[in-house]
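Everything below concerns the one structure shown next.
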Amino acid sequence: MELNQRMKRIYLDNAATTACAPEVVEAMLPYFTEVFGNASSIHAYGREAKRAIEAARRQVARALNAAIPQEIIFTAGGSESDNWAIKGAAFSRKEKGRHIITTAIEHHAVLHTCQWLEKQCGFEVTYLPVDADGKVSAAAVEKAIRPDTVLVSVMAANNEIGTLQPIAEIGTVCRARGVLFHTDAVQAVGAIPLDVQAMNIDLLSLSGHKFHGPKGVGALYVRKGLKLDNLIHGGAQERGFRAGTENLPGIVGMGRAIELAAERLTENAQRMIRLRDRLITGIMERVPEVRLNGHPTDRLPNNCNLSFKYIEGEALLLRLDLAGIAGSSGSACTSGTLDPSHVLLAIGLPHAIAHGSLRLTLGADTTDEDIDAVLDRLPPIVQDLRAMSAMNASNML
Ligand SMILES: *Cc1c(COP(=O)(O)O)cnc(C)c1O
């Protein structure tokens, strides 16, 4: 099927990144040209920049219900926030112990950081398994805590299968046992309600470009009173916690984006859940031998992750792209290997099934017409690919 002129392109890869909301771009624009000062400068230009950064800090703090805005420290994105939370907590507590607990399905920004600490710095890491829906229980976290455990890091929502974790319960366990609790909330911010105080979260990572804000800017929430070693050393920006001239337009844009996301959270979530469920049931009605990955209800409002038997996710992606639909596959071919995703393997999918996976993630701008178009265009492609793979299989006999 060729993408003809009348076929509208449909973007369903919002877990990878989102488009900036027009209000966000509008808020950012003056900060490239008119208000361009360095926030560390004492002149009027600098003070104006500083004021804008502090306003954004309040916007982020409000969205997470942080106790004070100073608990929000701006970074260059989710990966930096994850690296900083884990390395910072590990180094600042290394005299107390060198054991970290995380899960098998974290983002690589968490997993590779933990592996680095094991290899380079003598830390021991427990990678908790998850159940078939991708859930880890607070009881499993509690059981894994040892006298030398210094940090628990469990993501709020999984970026591949959308499963939500019992963050509040895990926070309660960690607080009671005196262990720091970090959550990678990059997929959760703006999608589900979060409250760092009520959920007993000590450290929380977020990233602007996952909630219709700009790329290359994020934040780490650091509970007040918590001492964290620096990751980025240099100047005295961010009260000495994170060096480097602040990304002024980025920070302003992220502040506006999180404010919009918080205002529209309930409305957006309700609409996306309806569209998501239409997409999931629509595909399952039209295509046989499909399974839904991730928890059926405790999942991100925008996440649909399906495995199609007998076909390759990569082939499906390419054909969907030709048909004007942008999605993502469960295998890690993009990273140069043919290994299926660690998340799909961790929920127990056999390699062959994991390879046939497709992730479609909705955005605040996804419409009913978009879903109709996918339900129209996807089933014949799957049928076609299956016919080809059946032919190949019979040729090999
Ligand atoms: C996207 C993502 C990250 C990385 O964030 P960047 O801002 O792209 O560095 C980390 N964790 C999760 C769960 C993500 O989805």
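Assorted remarks:
- Which numbered condition Val179 fails, given (1) within 16 Å of the ligand (Cβ to nearest atom); (2) crowded, with 22+ Cβ neighbours inside 10 Å: (1)
- Taken residue by residue, the stretch 209-216 has at least one member that is closer than 23 Å to Ile53 by Cα, within 16 Å of the ligand (Cβ to nearest atom) and in a helix (DSSP H, G or I).
- Cβ pairs under 9 Å, 6+ apart, first in the stretch 245-272 and within 21 Å of Leu12 (Cα to Cα), second at pLDDT below 95: Leu260/Ala364; Ala261/Ala364; Arg264/Ala364; Asn268/Ala364; Arg271/Ala364; Met272/Ala364
- Between Leu362, Leu358, Leu344, the distinction of being under 15 Å from Tyr310 (Cα atoms), among the hydrophobic types (A, V, I, L, M, F, W, C) and touching a strand residue (DSSP E or B) at 6+ places or on another chain (Cβ under 9 Å) belongs to Leu358 only.
- Tally of residues being in a loop (DSSP other than H, G, I, E, B), open to solvent by 10 Å² or more (accessible area, probe 1.4 Å) and within 13 Å of the ligand (Cβ to nearest atom) across the stretch 103-162: 3
- Odd one out for Ala168 among (1) more than 16 Å from the ligand (Cβ to nearest atom); (2) small (Gly, Ala, Ser); (3) more than 30 Å from Glu267 (Cα to Cα); (4) surrounded by fewer than 22 Cβ atoms within 10 Å (Cβ to Cβ): (3)
- Unique match (being within 23 Å of Ala55 (Cα to Cα) and either among the basic types (Lys, Arg) or buried (at least 22 other Cβ atoms within 10 Å of the Cβ) (or both)) among Gly190, Gly240: Gly190
- In the stretch 3-48, the residues that are in a loop (DSSP other than H, G, I, E, B) and polar (S, T, N, Q): Asn4, Gln5, Asn14, Thr17, Thr18, Asn38, Ser40, Ser41
- The set of residues in the stretch 347-379 being within 14 Å of Gly324 (Cβ to Cβ) and open to solvent by 50 Å² or more (accessible area, probe 1.4 Å) consists of Glu369, Asp372, Asp376.
- Top-ranked residue of the stretch 43-88 - restricted to ones that are of a type in the set (Val, Ile, Thr) and crowded, with 24+ Cβ neighbours inside 10 Å, ranked as nearest to the ligand (Cβ to nearest atom): Thr75
- Hey, Ile325 open to solvent by less than 10 Å² (accessible area, probe 1.4 Å) and among the aliphatic types (A, V, I, L, M) or not: yes
- Filter result for Arg274 (of a type in the set (D, E, K, R) and in a helix (DSSP H, G or I)): yes
- If you go through the stretch 264-315 and keep only what is within 20 Å of Ala373 (Cα to Cα), out of contact with any strand residue (DSSP E or B) (no Cβ under 8 Å at 6 or more places or on another chain) and of a type in the set (Val, Ile, Thr), you end up with Ile273, Thr281.
- Test result for Ala198, out of contact with any strand residue (DSSP E or B) (no Cβ under 6 Å at 6 or more places or on another chain), within 13 Å of the ligand (Cβ to nearest atom) and in a loop (DSSP other than H, G, I, E, B): no
- Pairs meeting the criteria (first residue in the stretch 10-39 and more than 21 Å from Asn303 (Cβ to Cβ) and polar (S, T, N, Q), second residue more than 16 Å from the ligand (Cβ to nearest atom) and part of a loop (DSSP other than H, G, I, E, B), beta carbons under 8 Å, at least 6 apart or on different chains) are Asn38/Thr245.
The values are calculated or read from the model by the stated rules, or taken from the named source; none is laboratory data. Note that the structure is a prediction, hence the values are computed from the model and not measured. Every residue, glycine among them, receives a Cβ derived from its backbone with ideal geometry; neighbour counts consider all protein chains shown. Ligands, DNA and RNA are stripped out before the accessible areas are found, and what is left, the full protein with its side chains, is counted by its heavy atoms. Shrake-Rupley method; radii C 1.70, N 1.55, O 1.52, S 1.80 Å.
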